[in-house]
Amino acid sequence: MRKGVFITIEGGEGAGKSTLIEQLSNKMLQRGKMVTTTREPGGIPIAEQIRTVILDREHIAMDARTEALLYAAARRQHLVEKVAPALEQGQIVICDRFVDSSLAYQGYARGLGMDEVWAINRFAIQDLMPDLTIYMDVSPEVGLKRISQASEREINRLDLEKHSFHERVREGYLQLLKQNPDRIVRIDAEQSPELVLNDVLTAIDSRLAGFLATDV
Ligand code: TYD
């Protein structure tokens, strides 16, 4: 039995994942929980270096399968070095993106096929799946407008994809939601950050059997 709780936050560009993670982590700390927040691709030096290679705007020659393998490699190292030890210590691990990103972006939107991408990821994660996945659902129109207005955020290689790519990413996520209703919960990310946080806390409380009480 795992001692900690593994929560992943998913969504398209500009869904407000970073804001949510900061607020959610503060709420949990207030409740006396031990929290580790982290992100993919990255979170530890080896995976941050892989991230630099994947997201470099100069790397237009990158093949779709190479991209998928690099994400899976970064995921593996991050899981072994950071996520698994934190779970072993009983921490709540909140991770910005995980395997569903690869399934939605590489598997569905890039067209590699969700089954094929799942196969390399199964090898990488060895059954260590999240207890709960929050899918922050936002239309590409709203999401892309948000990131173009947030000047401090650097535009990366995937942000530069065509609008239709971001539409497909959303379709991919909605498909995953349908296939995994016990693990993934959809949150309307076009709402205000306060309402988003409220919905997320409600989902955590009901799905993780009161692990996090919402009444503080
Ligand atoms: P990042 O700047 O972290 O974007 P965001 O704030 O939207 O999370 O860049 C990560 C990019 O990598 C993002 O466009 C999604 C993409 N990605 C994949 O395509 N597959 C993956 O498995 C992961 C983890 C991320």
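Applying the condition of being touching a His at 6+ places or on another chain (Cβ under 6 Å) and either part of a helix (DSSP H, G or I) or within 11 Å of the ligand (Cβ to nearest atom) (or both) to segment 41-54 and asking which residue is farthest from A86 (Cα to Cα) yields A47.
Across segment 11-40, the number of residues qualifying as in contact (Cβ under 8 Å) with a residue 60 or more places away in the chain and near the ligand (Cβ under 9 Å from one of its atoms) comes to 8.
Checking each residue in segment 97-125 for being surrounded by 20 or more Cβ atoms within 10 Å (Cβ to Cβ) and either within 18 Å of T37 (Cα to Cα) or of a type in the set (F, W, Y) (or both) picks out R97, F98, V99, D100, S101, Y105, Y108. Note on segment 156-181: residues that are at pLDDT 95 or above and farther than 18 Å from G113 by Cα total 1. In this structure, A84 qualifies as small (G, A, S), away from the ligand (no atom under 13 Å from the Cβ), part of a helix (DSSP H, G or I) and surrounded by fewer than 20 Cβ atoms within 10 Å (Cβ to Cβ).
For I94, the requirement of being at pLDDT 95 or above and buried (at least 18 other Cβ atoms within 10 Å of the Cβ) is met.
V138 fulfils the conditions (1) surrounded by fewer than 14 Cβ atoms within 10 Å (Cβ to Cβ); (2) touching a residue at least 40 places away in the same chain (Cβ under 8 Å); (3) out of contact with any helix residue (DSSP H, G or I) (no Cβ under 7 Å at 6 or more places or on another chain); (4) not small (G, A, S) except for a single criterion, (1). Would you check which residues across segment 141-166 are under 22 Å from C95 (Cα atoms) and not hydrophobic (A, V, I, L, M, F, W, C) and list them? Across segment 141-166, the qualifying residues are G143, R146, E152, R153, E154, N156, R157, D159, H166. Scanning segment 143-182 for residues that are of a type in the set (S, T, Y) and either within 10 Å of the ligand (Cβ to nearest atom) or loosely packed, with under 14 Cβ neighbours inside 10 Å (or both) yields S148, S151, S164.
The values are calculated or read from the model by the stated rules, or taken from the named source; none is laboratory data. On a predicted model such as this, the values are computed, not experimentally measured, just so you know. Backbone-built Cβ (ideal geometry, glycine too); neighbour counts: all protein chains shown.
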